[in-house]
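A.B. asks: Supplied in structure tokens, the structure appears directly below.
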Amino acid sequence: MAIRTVRLDDEAEATLRQIHEATGLPIFEALKQGLRCLNQQVRDATKQRPYDLLRAAGSRPGWICERALYGDAARRGYRDSQEAAEMILVDTGPLVALFDPQDGQHKPCRGTLMEIREPILTTTPVLTEAFRVLGPASIGSDSLREFVEATASP
């Protein structure tokens, strides 16, 4: 068993105190369970496919196709662009990096995607280029195709 000295800030101390009061767990047990939980989240995150990350980022059935063609503002009939909701337009590079684990930007792209809270939008030409760059028989191309098919409008 290792002995570690850890300095906690006020927020961490308050959180530990709340956990102890609510559960009766000793501080070391609360920390141990918290570390196990975080470790599991890290393991789960590394098992996620790009498809899972995009779904977690707020996608819904049909978003990639409907929004590529019409966009939210056009579908709702907005005339003033200031009324349109904020969104992120994704170009080919991030899609290729996301769906190709060998890409040098794969990990940073995954990390960025997990932090995005705005809806994500892309276009048909971007998808076409992403498929071409990934290659027709690649795992990345298969994953992107699976994602597009799963989110396409009926």
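A.B. asks: Could you please find all residues in region 107-120 being in contact with a helix residue (DSSP H, G or I) (Cβ under 8 Å, 6 or more places away or on another chain), farther than 19 Å from Val42 by Cβ and surrounded by fewer than 17 Cβ atoms within 10 Å (Cβ to Cβ)?
C.D. replies: Pro119
A.B. asks: Could you list all residues from region 121-146 that are more than 23 Å from Glu86 (Cα to Cα) and surrounded by 15 or more Cβ atoms within 10 Å (Cβ to Cβ)?
C.D. replies: The answer is Glu129, Ala130, Phe131, Val133, Leu134, Ser138, Gly140, Ser141, Ser143, Leu144, Arg145.
A.B. asks: What do you reckon, is Arg67 at pLDDT below 60 and either exposed (fewer than 10 other Cβ atoms within 10 Å of the Cβ) or aromatic (Phe, Trp, Tyr) (or both)?
C.D. replies: No.
A.B. asks: Another question, then. Being modelled with pLDDT under 80, surrounded by 14 or more Cβ atoms within 10 Å (Cβ to Cβ), in contact with a Leu (Cβ under 9 Å, 6 or more places away or on another chain) and assigned to a loop (DSSP other than H, G, I, E, B), is that true of even one residue in region 45-58?
C.D. replies: yes
A.B. asks: Could you please tell me which pairs satisfy a Cβ distance under 9 Å, a separation of 6+ or placement on different chains, a first residue in region 14-27 that is at negative phi, and a second residue that is at pLDDT 90 or above and not in a helix (DSSP H, G or I)?
C.D. replies: none
A.B. asks: Here's another thing I want to ask about it. Assuming Ile3 fulfils every condition listed in (1) modelled with pLDDT of 80 or more; (2) surrounded by fewer than 10 Cβ atoms within 10 Å (Cβ to Cβ); (3) not in a helix (DSSP H, G or I) apart from one, which condition is it?
C.D. replies: Only one criterion in (1) modelled with pLDDT of 80 or more; (2) surrounded by fewer than 10 Cβ atoms within 10 Å (Cβ to Cβ); (3) not in a helix (DSSP H, G or I) is unmet by Ile3, namely (1).
A.B. asks: Would you mind stating whether Thr15 is farther than 22 Å from Val148 by Cβ, at pLDDT 55 or above and either loosely packed, with under 10 Cβ neighbours inside 10 Å or charged (D, E, K, R) (or both)?
C.D. replies: So Thr15 fails the test.
The values are calculated or read from the model by the stated rules, or taken from the named source; none is laboratory data. Owing to the predicted nature of the structure, the values given are computational and were not obtained by experimental measurement. Neighbour counts run over all protein chains shown; Cβ positions are idealised from the backbone, glycine included.
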